[in-house]
1. Step by step: first the residues of region 107-125, then only those that are touching a Leu at 6+ places or on another chain (Cβ under 9 Å) and of a type outside the set (A, V, I, L, M, F, W, C), then the one that is surrounded by the most Cβ atoms within 10 Å (Cβ to Cβ). Which residue is that?
2. Which condition breaks for residue 153 when tested against (1) within 18 Å of the chain's Cα centre (by Cα); (2) hydroxyl-bearing (Ser, Thr, Tyr); (3) at pLDDT below 85?
3. Within region 24-45, does at least one residue satisfy the condition of being outside any helix (DSSP H, G or I) and either surrounded by 14 or more Cβ atoms within 10 Å (Cβ to Cβ) or in the same structural domain as residue 140 (by TED's automatic domain parsing) (or both)?
4. Counting only residues that are at pLDDT 75 or above and crowded, with 16+ Cβ neighbours inside 10 Å, which one in region 130-150 is nearest to residue 43 (Cα to Cα)?
5. Any residue that is surrounded by 18 or more Cβ atoms within 10 Å (Cβ to Cβ) and either of a type outside the set (Asp, Glu) or within 25 Å of residue 142 (Cβ to Cβ) (or both) - is there at least one of those in region 85-92?
6. What is the one condition in (1) within 24 Å of residue 142 (Cβ to Cβ); (2) loosely packed, with under 13 Cβ neighbours inside 10 Å that residue 61 does not satisfy?
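The values are calculated or read from the model by the stated rules, or taken from the named source; none is laboratory data. Bear in mind the structure is a predicted one, so any value in this text is a computation, not a measurement. Because the Cβ atoms are built from the backbone with ideal geometry, glycine has one as well, and the counts that use them run over all protein chains shown.
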Amino acid sequence: MLPFILTFIVTVLIVGAFLSKIKQYGVIYVVGGATTLASGTALAIILDSEVSESKVMGLTALIGIGLGFQFQHGNAISNTINKTLRDRVESAALLNMSLMGGISTALIMAGAIYENRGMALLPSTLEAFHYDDKTIREALAGVSPTVWEGAETNITAYGRMRQLKPSLLFSI
């Protein structure tokens, strides 16, 4: 998530600073949409347990750039419609609260789906190794040294595929 978040924030700041100066709202919006669609589609197509982490991070970063291009358009349109400073400030506050609330809600839902589906799939895969719930949750997060770095070499292939399945729920 870090490549996505960093590129998203940087792109939002850059687009927010220059959008009203260059006044090419449509072009920037279309470029952002095309970037998001292309990189999201590529990520959905290549997502597999054998894909390198750098490819996934690169495509995730491109999704962040594409969404960053589209993120500030509400403020620019609002500033064009609203003529008084008070209306502009109120619109910007409402827009920012809505955006942050929507992002938070989407991340909460995505995390809950990933965690719940992962906890439904991983225990059956790893039952031969007799891991407790805490260890399985750590394995789902990818931070369990006993599961991913243990002597059992097959566990990585089985576990990563099961860990990947909940992620595939988010691909279109």
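1. Ranking the qualifying residues of region 107-125, first place goes to 118.
2. (1)
3. no
4. Of region 130-150, the ones at pLDDT 75 or above are 130-141, 143.
Okay, now just the ones that are also crowded, with 16+ Cβ neighbours inside 10 Å, so 131, 135-140.
Details: 131: 31, 135: 29, 136: 26, 137: 25, 138: 25, 139: 23, 140: 20 Å.
Ranking the qualifying residues of region 130-150, first place goes to 140.
5. At the first step, the residues of region 85-92 found to be surrounded by 18 or more Cβ atoms within 10 Å (Cβ to Cβ) are none.
No; the residues of region 85-92 include none that is surrounded by 18 or more Cβ atoms within 10 Å (Cβ to Cβ) and either of a type outside the set (Asp, Glu) or within 25 Å of residue 142 (Cβ to Cβ) (or both).
6. (2)
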